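Here's the structure we're looking at; comments come further down.
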Amino acid sequence: MDNADDVRSLMNVELNTRWWGTVLHELGHIYYYKTYSTPEVPIILRGGANRAYHEAMGTLIGMASMQQPFLEGVGLMPKNTEVDETQALLKEALDYIVLIPWGAGVMTEFEHDLYSKNLPLDEFNKRWWELKKQYQGIVLPADRGEEYCDAASKTHINNDAA
Ligand SMILES: [Zn+2]
C-alpha cells in the first residue's frame, strides 16, 4: 500500500487448508516484490524479470506453509502430531501436477496466440477451450459463445500478461 512495509492481499477465501496454502502463496509473491522494492529501483521496474520465477517463489512459500514445523510454530497444529507422510506428499504432488498442463500449455499457448499471432477477437473463447481440451482434457458441458472471454477470468491472463 505504501510501496514499503504495508503489504496486503485482497482475497475471497474460506477458512480451510486449501486456502491457507493459497494465502501463503500470495504472500510469497508480496515478499518477493519487497526484495526489490528499494528506493534505488524505480517503481516501474519493481516486477520480476520472469513471472515463472515469481510463481516459483510463491509456490515455495505456499509449500513451506504446509510443513509441520511451521504449522506447529504458528500454533495451527498441536506439537508432535502424527502425520502420514505418504498422504501428505501425494496431496502436495497432486496440487502441483494438475497445474503443469495449464501453466505450461493452456495459458502460455493462449497468450502466444493472442500476442504473437494476433488472435482475432471473435476467436478468443473458441481458442481458449480448444487449449483447455488439448492440455487438460476439460470440455464445456454446453457451448459458450464469443460474447464470453473465459480466459480473461484468469488473473494470470488479465493481470499478469506474459
Ligand atoms: Zn502465484
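The values are calculated or read from the model by the stated rules, or taken from the named source; none is laboratory data. This one's a predicted model, so the numbers in the text were calculated from it and none came from an experiment. Cβ atoms come from the backbone with ideal geometry, glycine included; neighbour counts cover every protein chain shown.
Here is how the numbers come out for the structure above:
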| read-out | value |
| --- | --- |
| Whichever residue in the stretch 125-162 is of a type in the set (Gly, Ala, Ser) and part of a loop (DSSP other than H, G, I, E, B) and, among such residues, is surrounded by the fewest Cβ atoms within 10 Å (Cβ to Cβ) | Ala142 |
| Residue satisfying condition, being away from the ligand (no atom under 16 Å from the Cβ), free of Cβ contacts under 8 Å to residues at least 60 places away in the same chain, closer than 26 Å to Asp95 by Cβ and not small (Gly, Ala, Ser), within set Leu10, Leu15, Leu27 | Leu15 |
| Any chance Leu45 is within 16 Å of the ligand (Cβ to nearest atom) and either touching a residue at least 60 places away in the same chain (Cβ under 8 Å) or within 28 Å of His156 (Cβ to Cβ) (or both) | no |
| Any chance Thr22 is β-branched (Val, Ile, Thr), surrounded by 10 or more Cβ atoms within 10 Å (Cβ to Cβ) and away from the ligand (no atom under 16 Å from the Cβ) | no |
| Every residue from the stretch 41-91 that is under 24 Å from the mean Cα position of the chain (by Cα), of a type in the set (Gly, Ala, Ser) and closer than 16 Å to Trp20 by Cβ | Gly58, Gly62, Ala64, Ser65, Ala88 |
| Within the stretch 8-124, helices (runs of 4 or more DSSP H) holding 1 or more residues that are in contact with a His (Cβ under 7 Å, 6 or more places away or on another chain) | 17-35, 51-64, 107-111 |
| Residue check, Glu55 acidic (Asp, Glu), outside the structural domain of Ala104 (by TED's automatic domain parsing) and surrounded by fewer than 16 Cβ atoms within 10 Å (Cβ to Cβ) | no |
| Residue tally, condition surrounded by 15 or more Cβ atoms within 10 Å (Cβ to Cβ) and touching a helix residue (DSSP H, G or I) at 6+ places or on another chain (Cβ under 9 Å), over the stretch 104-118 | 8 |
| Residue pairs meeting the criteria (Cβ under 7 Å; at least 6 apart or on separate chains; first over 20 Å from Leu76 (Cβ atoms), in the stretch 54-66; second part of a helix (DSSP H, G or I) and within 8 Å of the ligand (Cβ to nearest atom)) | His54/His29; Met57/Gly28; Met57/His29 |
| Residue within the stretch 78-87 that is surrounded by 15 or more Cβ atoms within 10 Å (Cβ to Cβ) and farther than 29 Å from Trp128 by Cα present | no |
